[in-house]
Amino acid sequence: MRRDAPSAMTASVGLVAGWSFPATVFDPLVRRLPGNEVVAFDWSTFSADWLGPDGPECAELPPSPAVWAGWSLGGALLLEAVRRGIIRPARLVLIQATPRFLTGDDGWPGVSLGDWQGLRRAAGRQPLAAAAAFRRRFDLPDAPATSERLAAGDGLDWLARLDLRRTLAAIDVPVDIWLAPDDPLVPVDWPRHLDLPPHVRVHRFEQGGHAEWLDHPDLLVPSLIRPARR
């Protein structure tokens, strides 16, 4: 059963969506998780409740799900929550996500600062129009439930400032990473630039695009329901 907000329950799986997308983007995946209690968040709700100034340090949250999975920005926010010690999942699943979104002077592959700045300016002026243009440009699905809150520029600010490469290289919980070739936002080869521990496993979709997982949600199910192994 999908829940759109925290409640007094212990979920088996927690999901966090990417920038501009509502939690309902996970519905195709949720329908493939029979018998699992699932709680889904949009990025704004998760960042406010779990990472913001009024988050876990100031208010008690429900028990953390056993497995957390995040798409794009959602994955980066989950990795930040692990870094802060807010969550310690039995397994973390990063779906077409990266520990550093922007390119680096050290050769790290990612989105250029200039491209990010262009989108950030557009989101600051007209968030909904910026989100619609973003989806058209990168062939992402439309989501009628998009709100200005989900398309707000502070979600893009998270992407610009987070550098979680050291966190991922030193992480001590099992991680499944799912990447796709020809993803215009998350380069498929970024794991080659890190010395990842053996309990971090990299999987690749056969087809490309930043929303490839939506076409193949069945492939993600084993990562979400199998027992965690180190």
Charge tally for neighbours of Leu194 with beta carbon under 10 Å away, counting Lys, Arg as +1 and Asp, Glu as -1, is +3
Sequence order, the stretch 89-97: Karplus ³J(HN,Hα) from phi using 6.51 cos²θ - 1.76 cosθ + 1.60, θ = phi - 60°, Hz rounded, Gly and Pro as x, gives x, 5, 7, 10, 10, 9, 9, 6, 10
Stokes-Einstein D for the stretch 91-139 at 37 °C, 0.692 mPa s, Kirkwood Rh over Cα pairs, in µm²/s? 263
Asp157 versus Arg137: modelled label distance in nm, points set 7 Å from Cα along the beta carbon direction: 2.0
Work out Dmax and Rg for the stretch 179-230 from the C-alpha atoms and quote the Rg first, both in angstrom. 12.2, 32
For the chain, with a Gaussian network of springs between Cα atoms less than 10 Å apart, report the residue from Pro187, Pro198, Pro174 with the top mean-square fluctuation. Pro198
Projecting the Cα atoms of Val30, Leu196, Ala130 onto the charge dipole of the chain, where Lys and Arg contribute +1 and Asp and Glu -1 at Cβ, the residue farthest towards the positive end is Leu196
Max mean-square fluctuation residue, GNM over the chain, Cα-Cα springs under 10 Å, options Gly14, Gly209, Gly118: Gly118
Over 10 Å intervals from 0, what percent of Cα-Cα pairs in the chain sits in each interval? 8, 36, 40, 16, 1
Test item: Cα-centred dipole of the chain, Lys/Arg +1 and Asp/Glu -1 on Cβ, debye: 280
Rank Ser112, Ser47, Ser20 by mean-square fluctuation in a GNM of the chain with C-alpha springs under 10 angstrom and give only the top-ranked residue. Ser112
Given a Förster distance of 22 Å, the FRET efficiency implied by the Cβ-Cβ spacing of Leu113 and Arg31, rounded to the nearest 0.05, works out to 0.05
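Readers should treat all values here as calculations from the given coordinates under stated rules, not as data from a laboratory. All values derive from a computational prediction rather than experimental measurement. With ideal geometry, Cβ positions are generated from the backbone for all residues, glycine too; neighbour counts draw on all protein chains shown.
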